Amino acid sequence: MTAESPRKPARTSPKATVASLREPDAPTPPELMCSIARSLCVLGERWTFLILREAFFGVTRFSEFRDRLGVAPDVLTERLATLTEAGVLTREPYQEPGRRARYAYQLTPAGRELQVVLGSLQQWGDEHLPPPGGPTVDRRARDSGRPLHIGFVDDQGHEVAVGDVEFARTANYPSAPASGV
């Protein structure tokens, strides 16, 4: 019987914090040069998008998030802290008569911008993983009530078909790490 040598763990950079991502002078590991990777440091957990969904429906209190989502309190506390630190939510104190002070969580302008991301996820899910009985939410224009879809719009306000969109790398795009030969 031969003993196998233990497998070495993959080399990873220290976990990025929201504070380190927002610090202009902090060193940036190559794998976090991409805005998508950086955004996932804030938004990459399943519960995060569900918390945001509820915030867009007007939920502001910890107990409301917990009860509507069925999320464990420690997970909810961590996600709310990350969203607050990232500037997606603000934490505002409130106190009901005879109760201790608590916090309400409000979407910031940066948080409200994520409505497009949530709408896009919902649109994709409705198309590719539809729930039984159809969509649970309709996207509509507030003033006219007309149905909406998420799409790409050019700098002149014209919608561009998904098939005509390309993601073009810039000079700032991280290059592949050199292989040790």
Do we find a residue being closer than 19 Å to residue 39 by Cα, of a type in the set (Ser, Thr, Tyr) and assigned to a loop (DSSP other than H, G, I, E, B) anywhere in region 140-156? no
Whichever residue in region 105-146 is under 25 Å from residue 44 (Cβ atoms) and of a type in the set (Gly, Ala, Ser) and, among such residues, is farthest from the chain's Cα centre (by Cα): 125
All but one of (1) touching a residue at least 24 places away in the same chain (Cβ under 8 Å); (2) under 24 Å from residue 91 (Cα atoms); (3) of a type in the set (A, V, I, L, M) hold for residue 101; which doesn't? (1)
Would you confirm, using the coordinates I've provided, whether residue 128 is in contact (Cβ under 8 Å) with a residue 24 or more places away in the chain and exposed (fewer than 15 other Cβ atoms within 10 Å of the Cβ)? no
List pairs: first residue in region 15-35 and in contact (Cβ under 8 Å) with a residue 40 or more places away in the chain, second residue surrounded by 13 or more Cβ atoms within 10 Å (Cβ to Cβ) and of a type in the set (Asp, Glu) anywhere in the structure, Cβ distance under 7 angstrom, at least six positions apart or on different chains. 18/85; 19/85
Determine whether residue 135 is over 24 Å from residue 32 (Cα atoms) and of a type outside the set (A, V, I, L, M, F, W, C). yes
Could you name every one of the helices (runs of 4 or more DSSP H) located completely within region 32-77 that has at least 2 residues being modelled with pLDDT under 95? 35-43
Those residues of region 131-161 which are surrounded by 11 or more Cβ atoms within 10 Å (Cβ to Cβ) and hydrophobic (A, V, I, L, M, F, W, C), in sequence order: 137, 148, 150, 152, 160
Can you pull out the residues in region 97-120 that are of a type outside the set (Phe, Trp, Tyr) and either touching a His at 6+ places or on another chain (Cβ under 7 Å) or outside any helix (DSSP H, G or I) (or both)? 97, 98, 99, 100, 101, 102, 104, 106, 107, 108, 114
Mind listing whichever residues of region 56-76 are in contact (Cβ under 8 Å) with a residue 12 or more places away in the chain and of a type in the set (Ser, Thr, Tyr)? 60
Of the listed residues (14, 9, 27), the one being at pLDDT below 80, under 21 Å from residue 173 (Cα atoms) and out of contact with any Lys or Arg (no Cβ under 7 Å at 6 or more places or on another chain) is 14
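The values are calculated or read from the model by the stated rules, or taken from the named source; none is laboratory data. The structure presented is a predicted model; accordingly, all values stated were derived computationally and were not measured. FYI the Cβ positions are ideal-geometry reconstructions off the backbone, even for glycines, and counts take in every protein chain you see.
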